[in-house]
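The values are calculated or read from the model by the stated rules, or taken from the named source; none is laboratory data. Keep in mind that this is a model prediction, so the values were computed, not measured. Positions of Cβ are backbone-derived with ideal geometry, glycine not excepted, and every protein chain shown enters the neighbour counts. Just the protein is used for accessible areas: all its heavy atoms, side chains included, with ligands, DNA and RNA removed. Shrake-Rupley method; radii C 1.70, N 1.55, O 1.52, S 1.80 Å.
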Amino acid sequence: MTGRPQIPRRLLSLEVSIAALGVLGTLFLGVSLAWNVNQIRDRTLEGALIQARVAYEKDIIFRRWNNQHGGIYVDATVTPPNPYLADMPERDVRTPSGKNLTLVNPAYMTRQIYELEAKVSGLHGHITSLEPMRPQNAPDPWERTALEAFELGVGEVHAVRPVAGQEYMRLMRPLITEGGCLACHHERGYVLGKPWGGISVSVPMRELRVIEWKGIRTVIIAHLALWLVGIAGLALGGRSLLASERGLRRAEEEGRTAAERLRESNRLKDLFIDIVRHDLLNPASVIRYYTSYLQECETDPTKKDCYLKIEGVNNRLMDLIRNASKYSRLEEMARVDCQRLDLGTMLLDALAVHEHRLKEAGMAVNYLPRGEYPITANPMLEDVFTNIVANAIKYAREGKKLEIDVLDEGGNWLVQVRDFGKGIPDKDKPQIFTRFTRLKKEGVEGSGLGLAIVKRLVDLHKGLIWVEDNPAGGSVFCVRLPKGGPQSADDQKL
Ligand code: ADP
């Protein structure tokens with residue numbers, strides 16, 4: 001008996017694997033969320049930095065434009081004269097129509113624009129220097145550090161810093177002395193092309209942070225949804241996996257138990273067959289010996305008849321024991337050892353076994369071997385024909401005739417044993433080869449094992465057996481056998 005394939009034991013139990021998958025998935029989503037949030041934050045800072053740079057560039061262009069025109073004159077009633085330009089000869093002028101104008105230099109103009117900008121957009125600009133003319137232009141600590149860095153050649157400093165409790169992107173670049181600057185600042189030692197201070201621009205982060213939070217919120221919701229779907233899928237899938245694994249383990253356990261039970265019942269069967277074969281056959285032989293002896297010595301016909309009946313029943317008992325043990329032995333066999341034999345001689349021997357009974361039944365046998373019929377087979381094959389002939393004598397003796405033909409089919413021999421009895425109804429034909437099937441006992445001795453043994457023997461030779469109707473009345477038992485033995489049968493279709 002071959003063992004059932006074992007379900008391989010896993011290194012990790014299914015429960016642990018599912019939990020590990022859940023933890024891994026959660027970790028993966030956590031890392032992905034952190035990465036995405038970081039990306040959004042970086043984009044916010046980049047956006048703020050771009051805004052700050054654009055604001056700075058715009059300031060510089062306005063200043064340059066003013067510088068190129070040597071300052072601009074504006075209405076003195078709107079913009080008060082700049083006290084820091086008091087030394088300028090034409091700081092204040094009067095138009096022919098009597099309108100008072102005052103000169104606005106780049107620094108003055110930028111300051112006014114910054115004041116306006118702070119009110120409108122919240123963006124702060126600041127011109128500063130380490131030595132400011134106006135005290136209001138003095139740098140705060142962050143600007144001072146940046147200005148010191150410019151002296152060392154740094155071109156830009158930026159950082160997110162709080163200013164008056166609000167978060168700002170602060171950017172600062174140096175202010176380089178241009179030709180026009182020297183008109184006002186010549187006495188302060190400015191050198192053309194060298195930094196003399198810086199412009200700091202501060203972009204409020206509040207609105208950018210609002211947009212940033214919307215992006216982060218979307219990413220969090222997407223990850224959370226993904227996590228929930230994943231965990232739910234894992235829980236459901238894991239549950240059904242666990243259930244099917246439990247089912248498999250149960251089936252495996254049941255299979256093992258069934259195999260164990262089968263082994264035990266096989267052991268008991270073997271024990272029973274041994275008992276039948278040895279312990280029952282021996283006493284039955286002793287009964288036969290003494291019954292035959294008593295029958296010979298007996299002169300009283302009534303008693304003689306009793307002994308005869310005992311002998312008959314005992315013979316049936318012995319046949320049954322022999323057949324049962326033979327059948328179980330054949331059932332256990334997977335293959336038979338074969339040798340070269342002559343099928344014709346085998347048939348003659350089978351007939352010889354029953355010669356006496358055939359004569360007694362008044363049955364004529366029509367069989368004439370035409371030469372040899374060589375076959376690779378086990379000598380037990382003779383039992384096939386002994387049984388078929390015995391059945392013909394038992395069930396078809398009224399036909400008074402038995403015909404045997406051996407046909408050459410190329411790779412096979414086809415043996416036909418034809419009787420002229422009552423025949424077998426179509427519905428019963430397939431059953432007669434299964435054990436303990438007896439159609440009508442009609443006082444005929446038998447165990448119902450004969451044709452089951454025959455079929456098993458034919459199967460072991462990879463042959464075929466079936467029964468047909470004899471057109472002249474009766475049955476034809478057909479046995480097809482591969483000439484080369486069971487091994488050759490695999491190469492050809494019978
Ligand atoms: P049994 O021990 O009863 O003879 P078999 O297995 O040899 O058992 O036969 C099974 C049944 O097939 C028999 O009981 C009989 O009914 C039927 N049978 C077998 N051979 C013939 C035959 N030549 N003619 C009619 N019936 C037969």
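Could you please find all residues in the range 448-471 being in contact with a Lys or Arg (Cβ under 8 Å, 6 or more places away or on another chain) and within 14 Å of the ligand (Cβ to nearest atom)? Across the range 448-471, the qualifying residues are 448, 449, 452, 453, 465, 466, 467, 470. Considering only residues in the range 302-322 that are among the hydrophobic types (A, V, I, L, M, F, W, C) and without any contact (Cβ under 8 Å) to a residue 24 or more places away in the chain, the one that is surrounded by the most Cβ atoms within 10 Å (Cβ to Cβ) turns out to be 310.
This table checks each residue for (1) at pLDDT below 90; (2) in a strand (DSSP E or B); (3) touching a Ser or Thr at 6+ places or on another chain (Cβ under 7 Å); (4) loosely packed, with under 12 Cβ neighbours inside 10 Å.
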site: 96; (1), (2), (3), (4): no, no, no, yes
site: 107; (1), (2), (3), (4): yes, no, no, no
site: 114; (1), (2), (3), (4): yes, no, no, no
site: 119; (1), (2), (3), (4): yes, no, no, yes
site: 131; (1), (2), (3), (4): yes, no, no, yes
site: 136; (1), (2), (3), (4): yes, no, no, yes
site: 139; (1), (2), (3), (4): no, no, yes, no
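Within the range 39-49, at least one residue is open to solvent by 40 Å² or more (accessible area, probe 1.4 Å) and more than 30 Å from residue 198 (Cβ to Cβ).
Contact map, the range 17-34: first residue more than 12 Å from residue 227 (Cβ to Cβ), second residue open to solvent by less than 50 Å² (accessible area, probe 1.4 Å) and of a type in the set (Gly, Ala, Ser), Cβ cut-off under 6 Å, separation 6 or more or different chains; pairs are 18/238. You will find that of 236, 248, 228, the residue that is over 30 Å from residue 139 (Cα atoms), modelled with pLDDT of 95 or more, out of contact with any His (no Cβ under 7 Å at 6 or more places or on another chain) and open to solvent by 90 Å² or more (accessible area, probe 1.4 Å) is 228 and no other. Close Cβ contacts (under 7 Å, 6 or more residues apart or on different chains) running from residues in the range 464-486 that are under 16 Å from residue 366 (Cβ atoms) to residues that are more than 12 Å from the ligand (Cβ to nearest atom) and not charged (D, E, K, R) comprise 476/416. Within the range 402-412, if we keep just the residues that are farther than 24 Å from residue 355 by Cα and open to solvent by less than 40 Å² (accessible area, probe 1.4 Å), the residue that is farthest from the ligand (Cβ to nearest atom) turns out to be 411.
A quick yes/no check of all residues on (1) among the small types (Gly, Ala, Ser); (2) open to solvent by 10 Å² or more (accessible area, probe 1.4 Å); (3) modelled with pLDDT of 95 or more:
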{"site": "426", "(1), (2), (3)": "no, yes, no"}
{"site": "434", "(1), (2), (3)": "no, yes, no"}
{"site": "468", "(1), (2), (3)": "no, yes, yes"}
{"site": "476", "(1), (2), (3)": "no, no, yes"}
{"site": "481", "(1), (2), (3)": "no, no, yes"}
{"site": "485", "(1), (2), (3)": "yes, no, no"}
